[in-house]
Amino acid sequence: MIELYQFAPAWDLPNPSPFCIKLELYLKMAGLPYELITQNDTRKGPKGKIPFIRDAGQTIGDSELIIQHLKTKYGDRVDSGLTADQHARGHLIDRMLHDSTYWVLLYCRWMEDNGYAAVREAFFSGMSWPLRMIVPPLVRRGLKRTLIGQGLGRHDREQIFCFGFAQMETLSVLLGDKPYLLGDLPCSADATAHGFILSFVGPPIDNPMREWIRRSANLMAYYQRMNQRFYPALAQAR
């Protein structure tokens, strides 16, 4: 049994992390049995991040490396039917969401005041006093420095959201009128995309990215389709 270590659920969602959602979706798509284990301490992961897995005594971190491990060990149960062109498109989608959209999500949650209020309540309310008063601002300041170092934090709010809108527009165009990003069946790129769309739309955090996605007819239809297939309880709740 594969052990999947991920953050505790929040906001009535499967997970607050798009990477945790991505990895669980991949396991669902591949039909691999797994056990969910809550782990909020990133230091426990081999890469200092969450999610990670333990599989037959081997501990592996980073969602992308985990999926490569699963494909190598159990066979490519999700993407084996894709053409070379589809594999390339899926790779580009992953990279856009991982390397660009993630930072916009981080900005929405930690730099916007309403997002910070929501994550502070969801992630830190269980801490004892005075830690719940001390830790969140420290984390926020650290993430602000990270955003500046990465580059996104050097732009103003309007520019940041322009970048995010362009990424969602790209995703919408690539999806078109297809049921899934690369055709009639979901693939690993859909696991990544849904992890991010759910992370923007699902939490009770209003921001321009959430509003943009909600106005996109094909992305919202895709969002509901993925929920109905993989998270039916969530689809019914919405």
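With the condition kept exactly as written, say whether any residue in the stretch 17-27 is outside any helix (DSSP H, G or I) and either buried (at least 17 other Cβ atoms within 10 Å of the Cβ) or under 15 Å from the mean Cα position of the chain (by Cα) (or both).
Checked against the condition, which is being outside any helix (DSSP H, G or I) and either buried (at least 17 other Cβ atoms within 10 Å of the Cβ) or under 15 Å from the mean Cα position of the chain (by Cα) (or both), the stretch 17-27 yields at least one hit.
Report every pair of residues separated by at least 6 positions or lying on different chains whose Cβ atoms are under 6 Å apart, first residue within the stretch 40-66 and of a type in the set (Ser, Thr, Tyr), second in a helix (DSSP H, G or I).
If the second residue must be in a helix (DSSP H, G or I), the pairs left are SER63/PHE19; SER63/LYS22; SER63/LEU23.
Failed condition for GLY48, given (1) in contact with a helix residue (DSSP H, G or I) (Cβ under 8 Å, 6 or more places away or on another chain); (2) on the phi < 0 side of the Ramachandran plot, with all others met?
Condition not satisfied by GLY48: (2).
Within the stretch 146-180, how many residues are in contact with a Gly (Cβ under 8 Å, 6 or more places away or on another chain) and exposed (fewer than 11 other Cβ atoms within 10 Å of the Cβ)?
Going through the stretch 146-180 one residue at a time, the tally reaches 0.
Conditions first: (1) at pLDDT 95 or above; (2) more than 22 Å from LEU234 (Cβ to Cβ). MET1 passes all but one, so which condition is the exception?
Going through the list (1) at pLDDT 95 or above; (2) more than 22 Å from LEU234 (Cβ to Cβ), MET1 breaks only (1).
Please specify each residue of the stretch 51-74 satisfying the condition of being touching a helix residue (DSSP H, G or I) at 6+ places or on another chain (Cβ under 9 Å), of a type outside the set (Lys, Arg) and more than 19 Å from ILE37 (Cβ to Cβ).
GLU64, TYR74
Can you tell me which residues in the stretch 81-118 are free of Cβ contacts under 8 Å to residues at least 40 places away in the same chain and either buried (at least 19 other Cβ atoms within 10 Å of the Cβ) or hydrophobic (A, V, I, L, M, F, W, C) (or both)?
Scanning the stretch 81-118 gives ALA84, ALA88, LEU92, TRP110, TYR116, ALA117.
Which one is farthest from PHE7 (Cα to Cα) among residues in the stretch 121-145 that are open to solvent by 40 Å² or more (accessible area, probe 1.4 Å) and within 19 Å of the chain's Cα centre (by Cα)?
Taking the candidates together, the pick is ALA122.
Please determine, by comparing only the residues of the stretch 225-237 that are of a type outside the set (A, V, I, L, M) and surrounded by 13 or more Cβ atoms within 10 Å (Cβ to Cβ), which one is farthest from TYR180 (Cα to Cα).
Looking at the filtered set, the residue picked out is TYR231.
The values are calculated or read from the model by the stated rules, or taken from the named source; none is laboratory data. Because the structure is predicted, anything quoted here is derived from the model rather than measured. So basically every Cβ, Gly included, is an ideal-geometry build from the backbone, and we count neighbours across all protein chains shown. SASA here: full protein model, heavy atoms, side chains in, ligands and nucleic acids out. Shrake-Rupley method; radii C 1.70, N 1.55, O 1.52, S 1.80 Å.
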